[in-house]
Amino acid sequence: MSSVPDHPAQSHVQQGVRVSAAAFEHSQRVSDHLHRCIARAGGWLSFKDWMTEVLYAPGLGYYTAGSRKLAQRSDPDVRHPGGDFVTAPELSPAFGRTLALQISQAMTQNGLTRILEFGAGSGQLAQDIIEALHALGVHNFQYSILEISQDLRERQQAKLPATAKVQWIDTLPDTFEGIVLANEVLDAMPVHVLRWNDDASGVLERGVISLENDFAWQDRRAESHLEQTLRERMPALPGYTTEINLPAEAWTRTLASHLKRGLVLLVDYGFSRLEYYHPQRNRGTLMCHIQHRAHDNPFFAPGLQDITAHVDFSAVAASAHQSGLDVLGYTSQARFLLNAGLHDVLTHSTDLQTTQAMRAVEKLVSEAEMGELFKVLALGRDIDPILQGFVRADRLHQL
């Protein structure tokens, strides 16, 4: 066992971050809760369990306690947006309108009339899709949202008009036929952080210990199933640190067990396996976001910042295939949007032809912004496999 406090917790006024007294007090309550969790676990808590608590502990976690998470399109000053990060739907309505073209094609070709969105954020994507489908003449559909954050659910309900006829649900239906959407959902699921030891003879799991009033890393020999999983996915590289997202794979298997017929579109930042475990990515992909600043210290301001890891799309696709789903397409966000009809959306949307609006669209498709880092993975069961968003530059062979 070795203690590795290489990222000690920082003051709440460092990194240019300033928080209110109420937010600081909330973070202290979250820290106290985390220290108690570590004590109950015997002084060491796996990072996966620590991440679960810091993000999802009832009434305390980042996603469950009511803090403003997302910058919104309605923020009065786009140079100083609220929240901690911006998502594609908040950046531009072109994202949702183009996604609606792919949804419309899949619904029409396969006679599907239901849409289910996981983790709908502010509700902006749902609003854009519903309005775009209506503009396309598609009216006969039911839109459902499965949202675990009560705070976000309330914001969605306030944003979406009653005429949209959106239904909020707490659990997956026993069986579902339709379109499933998950935009930036998998990256927020808790991950195991693993590290090959210095001679690459074995695998360590990174956990969290209490250190005075702060937190620190401490490594232990990984359980056999975690070591075996990592050995199957990458070569042994001395000192190499990475993550595996078993909850995302379990989520995919659960979804497969409920999907009777339909299409699943997963949009997130991540890589195929060869890219994910590239030798140069030896510090992993763990990333934190607070007030639009990105850094790699998960112990900073517990409860006030988002913690994410990039998605291993090969692992998700393998889980889907093993569960009986078809893997229908995999490409970059830029290529998906261009294939699906982004040019037509821009041509026919006068509100997207301003300089500011076009700059936002550029971020969606630029290789230096979201266009290449974000990917779209399509899964399905018993549907027409020809999807407009993947007709060119499909990267299925890379998975």
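Within the range 217-231, if we keep just the residues that are under 24 Å from the mean Cα position of the chain (by Cα) and surrounded by fewer than 20 Cβ atoms within 10 Å (Cβ to Cβ), the residue that is farthest from HIS321 (Cα to Cα) turns out to be LEU226. Taking the range 378-399 as the range and being more than 21 Å from the chain's Cα centre (by Cα), among the aliphatic types (A, V, I, L, M) and farther than 12 Å from GLN105 by Cβ as the test, only ALA393 passes. Taking the listed residues LEU152, LEU181, LEU160, the one that is of a type outside the set (S, T, N, Q), free of Cβ contacts under 8 Å to residues at least 40 places away in the same chain and either buried (at least 16 other Cβ atoms within 10 Å of the Cβ) or touching a Ser or Thr at 6+ places or on another chain (Cβ under 9 Å) (or both) is LEU160, with no other qualifying. Condition first: closer than 22 Å to TRP50 by Cβ and modelled with pLDDT of 95 or more. Can you find one or more residues in the range 312-330 that meet it? Yes - at least one qualifying residue is present in the range 312-330.
Checked against the criterion of being within 20 Å of LEU304 (Cα to Cα), of a type in the set (A, V, I, L, M), outside any helix (DSSP H, G or I) and at pLDDT 90 or above, the range 55-64 contains one or more residues that satisfy it.
Are there any strands (runs of 3 or more DSSP E) wholly within the range 228-307 with 3 or more residues that are over 29 Å from ALA100 (Cβ atoms), and if so which?
Numbers: elements: 241-244, 259-271, 287-290, 293-295.
In the range 228-307, the matching strands (runs of 3 or more DSSP E) lie at 241-244, 287-290, 293-295.
Cβ-Cβ distances below 8 Å connect the following pairs, each with a first residue in the range 27-42 that is within 12 Å of GLU53 (Cα to Cα), a second residue that is assigned to a helix (DSSP H, G or I) and of a type in the set (Phe, Trp, Tyr), and a separation of six or more residues or different chains: LEU34/TRP50; CYS37/TRP50; ILE38/TRP50.
Can you say whether PRO8 is assigned to a loop (DSSP other than H, G, I, E, B), surrounded by 14 or more Cβ atoms within 10 Å (Cβ to Cβ) and modelled with pLDDT under 75, as far as the supplied structure shows? Here the answer is yes, as PRO8 does meet what is asked. With the condition kept exactly as written, say whether any residue in the range 202-216 is modelled with pLDDT of 95 or more, hydroxyl-bearing (Ser, Thr, Tyr) and farther than 27 Å from PHE271 by Cβ. Yes - at least one qualifying residue is present in the range 202-216. Regarding the range 203-215, can at least one residue be identified that is free of Cβ contacts under 8 Å to residues at least 60 places away in the same chain, crowded, with 17+ Cβ neighbours inside 10 Å and more than 24 Å from SER272 (Cα to Cα)? Checking the range 203-215: not a single residue is free of Cβ contacts under 8 Å to residues at least 60 places away in the same chain, crowded, with 17+ Cβ neighbours inside 10 Å and more than 24 Å from SER272 (Cα to Cα). Of all residue pairs spaced 6 or more apart or on separate chains, those with beta-carbon atoms under 6 Å, a first member in the range 281-308 that is within 19 Å of VAL30 (Cα to Cα) and a second member that is of a type in the set (Phe, Trp, Tyr) and part of a strand (DSSP E or B) are HIS289/PHE85; PHE299/PHE215. Screening ARG261 against (1) touching a strand residue (DSSP E or B) at 6+ places or on another chain (Cβ under 6 Å); (2) buried (at least 18 other Cβ atoms within 10 Å of the Cβ); (3) charged (D, E, K, R) leaves a single unmet condition, (2). Can you name every residue in the range 336-364 that is buried (at least 20 other Cβ atoms within 10 Å of the Cβ) and either on the phi > 0 side of the Ramachandran plot or within 23 Å of the chain's Cα centre (by Cα) (or both)? The answer is PHE336, LEU337, ASN339, ALA340, GLY341, LEU342, ALA360, VAL361, LEU364.
Could you grab me the full set of residues in the range 145-159 that are closer than 20 Å to ARG97 by Cβ and at pLDDT 95 or above? Residue satisfying the conditions is ILE145 alone.
Of the set (1) under 19 Å from LEU101 (Cβ atoms); (2) of a type outside the set (Lys, Arg); (3) exposed (fewer than 15 other Cβ atoms within 10 Å of the Cβ), all apply to LEU328 but (3).
The values are calculated or read from the model by the stated rules, or taken from the named source; none is laboratory data. It should be emphasised that the depicted structure is a prediction, and the values quoted were computed from it without experimental measurement. Quick reminder, even Gly has a Cβ in these numbers, built from the backbone with ideal geometry, and neighbours come from all protein chains shown.
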